[in-house]
Amino acid sequence: MDAQIAPFVRKAWELVASGTAIQNVLKTLNEEDGIRTPCHGRIGGGPLARKSLYNILNDPFYAGYVFDGERFCKGFHERVGIAGSSCQTA
């Protein structure tokens with residue numbers, strides 16, 4: 001887990017869980033926290049897009065899971081998002 005990005009992912013989850021609209025979560029992360037996408041050459045460095053935020057919020061990795069090829073299982077990394085069951089079939 002990237003220690004630099006984890007606090008922002010956690011903040012996004014907390015805002016969404018408290019009922020904050022996605023557009024307002026984006027505004028908070030982009031404008032108040034200064035979140036920018038990773039730079040890859042000349043690409044990147046811009047504000048986080050709505051689709052990217054949805055991808056982060058739906059990523060089982062941030063909920064503490066990894067995919068072993070057949071199912072999602074609890075990983076050894078720290079959970080940043082919401083909790084779920086210990087193992088789920090894909």
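No value in this document is a laboratory result; all are computed from the given coordinates. All figures in this text were calculated on a predicted structure; none of them were measured in a lab. Here the Cβ is made from the backbone with ideal geometry for all residues, glycine too, and neighbour counts use every protein chain on show.
Worth a mention:
- In the chain, taking the dipole from charged Cβ atoms about the Cα centre, the farthest positive-side position among SER18, THR37, TYR62 is held by THR37.
- Calculated from backbone phi, Karplus (6.51, -1.76, 1.60) coupling profile of the range 41-57 in Hz, x at Gly/Pro: x, 8, 9, x, x, x, x, 5, 8, 4, 4, 5, 5, 4, 4, 5, 5
- When only Cα pairs below 8 angstrom with a gap of at least 6 residues are kept, the range 1-78 shows a relative contact order of 22 percent.
- Against the chain, whose longest principal axis is taken from its Cα atoms, helix 6-17 shows a tilt of about 90°.
- Altogether, the Stokes-Einstein calculation at 25 °C and 0.890 mPa s, with the Kirkwood radius of the chain over Cα pairs as Rh, returns a diffusion coefficient of 174 µm²/s.
- Sparse packing (at most 14 other Cβ atoms within 10 Å of the Cβ) combined with a DSSP loop state is found for the following GluC sites (Glu not before Pro) in the range 1-85: GLU70, GLU78.
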